[in-house]
Amino acid sequence: MSSHAKISGMAKHAQVSRALLDDIARGKYALGSLLPSEPALATSFGVSRQTIRAALRTLRELGLIEGQQGIGSFVRAAQPTARYAYSFDSAVDLLQYAVSTSVDVLSCEEIVLSEAQALSLKRRPGERWWQVQTVRKPLQDHAPIASSRILVPYAYGSVLQDLSRSREPIFALIQQQMGETITEIWQDISATSVSAADAALLGVPPGCPGLSIERRYFGRNGELFEVSHSIHPADTFNYSMRVRLALPERDAPAPHTAAAPTPPTPHV
């Protein structure tokens, strides 16, 4: 797998990470050397220090650099370790992740929601849905990075015909072919132990540490049109997410209240 394939996403910090990765790979920054300071890198790339910190964090997670408090970041390796780094800032980055990987569709079957599934999804028991089992791999590597079970309402089943011929994710196919628009994505991330079934698909030992990511995609009217549950091997996948925080508004001055006019004194 190419070095760039290990850093996905079009966010600024991902672009800076890839540029620094290139600099290290071609020897601009030798092993053991100190990278420029955060302010210097921010000036060089024309970005904020927060962006530089996010980029350096990605390089640390790939094993390329090591930070020392009060000194800076040292180069410790010329090539990334075998870890797939994935940056997520928006639905656009979800698309980037999908097109930078290949998908093997292992099964596609009709299911009927059980009471437990319906309660979890806030749907009616007995509804028909499609359940799809997939495995994703980087384009230039054969080591799986995700085993996924995806649920799609029965009415959207026609989009699944194109899944094996397209690297686009199911939610993108639903948008293109069904006229839906994503308005909200719920995401739940947790540590897990990889089950025997997923371990066989991912080529890892059963019970080893893994990362569980569940996403729910909602349309314009709050309609749930996809649920994906993915398991990633902990030692081959890194997930990075950037959260933009809105600054609190300053306390606005209390509105001025004019005194009520004094009613005229009646003449007797």
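Laboratory data are not the source of any read-out in this text; all were calculated from the coordinates shown. Quick caveat, the model's predicted, so the values are computed rather than measured. Here the Cβ is made from the backbone with ideal geometry for all residues, glycine too, and neighbour counts use every protein chain on show.
Values for this structure:
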item	result
Rounded FRET efficiency, nearest 0.05, which uses the C-beta distance separating ALA25 from ARG167 and R0 of 30 Å	0.70
Summed residue charge, Cβ within 13 Å of GLN133's Cβ, Lys/Arg positive, Asp/Glu negative	-1
Cβ-based net charge around ALA42, under 12 Å, with every Lys or Arg adding one and every Asp or Glu removing one	+2
Ranked ARG165, ARG123, criterion: other C-beta atoms within 10 Å, fewest first	ARG165, ARG123
Residue order, fewest to most surrounding Cβ atoms within 10 angstrom, among HIS13, HIS142, HIS229	HIS142, HIS229, HIS13
Theoretical FRET efficiency, 1/(1+(r/R0)^6), r = Cβ-Cβ of LEU106 and SER193, R0 22 Å, to 0.05	0.55
Debye, to nearest 20: dipole size of segment 89-241, +1 on Lys, Arg Cβ, -1 on Asp, Glu Cβ	160 debye
Approximate spin-label separation ARG124-ALA200, in nm, with each point projected 7 Å along Cα-to-Cβ	3.6 nm
Prolate/oblate/rounded call for segment 117-242, Cα gyration tensor, a/c under 1.5 rounded	prolate
FRET efficiency estimate (nearest 0.05) - Cβ-Cβ, THR183 to SER114, R0 35 angstrom	0.80
